[in-house]
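Here is the structure we will look at.
Where a number appears in this text, it was derived from the coordinates with a stated rule and is not lab data. Just so it is clear, the model here is predicted, and its values are computed rather than measured. FYI the Cβ positions are ideal-geometry reconstructions off the backbone, even for glycines, and counts take in every protein chain you see.
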Amino acid sequence: MLGAEWARALVVQQPGLAPAALLLGGAALAAVAVGWRAEQLGLGTSRFGLRILGGLALGAVLLLPAAARSGAAPLLPAGLAFAAIAVSIGEEIAFRGVLYAALEAVGGAPLAILGSTILWTLAHVLSHPPAFLGAVAAAGLLLALWRWACKDLVGPILGHVIADLAL
């Protein structure tokens with residue numbers, strides 16, 4: 001997962017390759033879910049409406065730093081929106097889906113929450129400025145805690161998509 005994220009972060013810096021790097025990176029991350037049941041990853045269909053509502057709430061919380069910033073206009077170019085959605089979904093499936101489930105099976109919820117948050121933050125070292133990594137870690141922790149408390153990945157996916165589209 002880290003290799004895929006770091007490769008994506010390096011390729012996205014090349015002129016004209018950002019959309020393709022994001023799309024392929026998202027697909028590569030989502031591919032780690034092959035062989036896992038949807039329920040293991042928190043992607044079941046029960047209480048789907050509440051899970052959507054939870055995702056909207058997570059998105060709102062993740063946007064608080066942008067709202068506090070002066071001139072809080074979105075920084076993401078409109079042409080990258082689809083690619084940003086793909087990578088957000090891929091990252092959630094990989095980190096809060098597969099990695100979380102694997103770590104939880106080995107060492108329980110504390111290991112899953114902490115381990116997925118640490119690896120999530122490390123995955124963003126090449127794509128985010130050092131000063132922003134604290135916010136990345138906080139977002140990862142919030143999403144992992146949601147995954148644990150609600151046994152849900154729909155909320156983190158939706159919250160992550162909203163945040164990436166707005167930030």
Size of electric dipole in the chain: Cβ of Lys, Arg +1 and of Asp, Glu -1, about Cα centre, debye, nearest 20: 180 debye
Top of Ala28, Ala20, Ala84 by mean-square fluctuation, Gaussian network on the chain, Cα under 10 Å: Ala20
Those residues of segment 8-42 whose amide nitrogen sits under 18 Å from the label point placed on Ala81, 7 Å along Cα→Cβ: 19-20, 22-23
Longest to shortest principal axis, alpha-carbon extents of the chain, angstrom: 40, 32, 27
Positive dipole terminus of the chain, leading residue within Leu64, Val11, Gly107 (C-beta point charges): Leu64
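Could you give the length gained by full extension between Phe48 and Ala149, i.e. 0.36 nm per residue of separation minus their alpha carbon distance, to one decimal place?
Fully extending the segment from Phe48 to Ala149 adds 34.8 nm.
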Segment 2-166: relative contact order as a whole-number percent, Cα under 8 Å and 6+ apart: 37 percent
Karplus-derived 3J(HN,Hα), 6.51/-1.76/1.60, for each residue of segment 29-45, Hz, glycine and proline x: 5, 5, 5, 5, 7, 4, x, 9, 6, 4, 5, 5, 8, x, 10, x, 10
Additional length obtainable on full extension of the chain from Val106 to Val11, 0.36 nm per residue less Cα span: 30.9 nm
Top of Gly49, Gly140, Gly90 by mean-square fluctuation, Gaussian network on the chain, Cα under 10 Å: Gly49
Over the chain: helical MRE at 222 nm, DSSP H runs n ≥ 4 each giving -39500 (n - 2.57), nearest 500: -21000 deg cm²/dmol
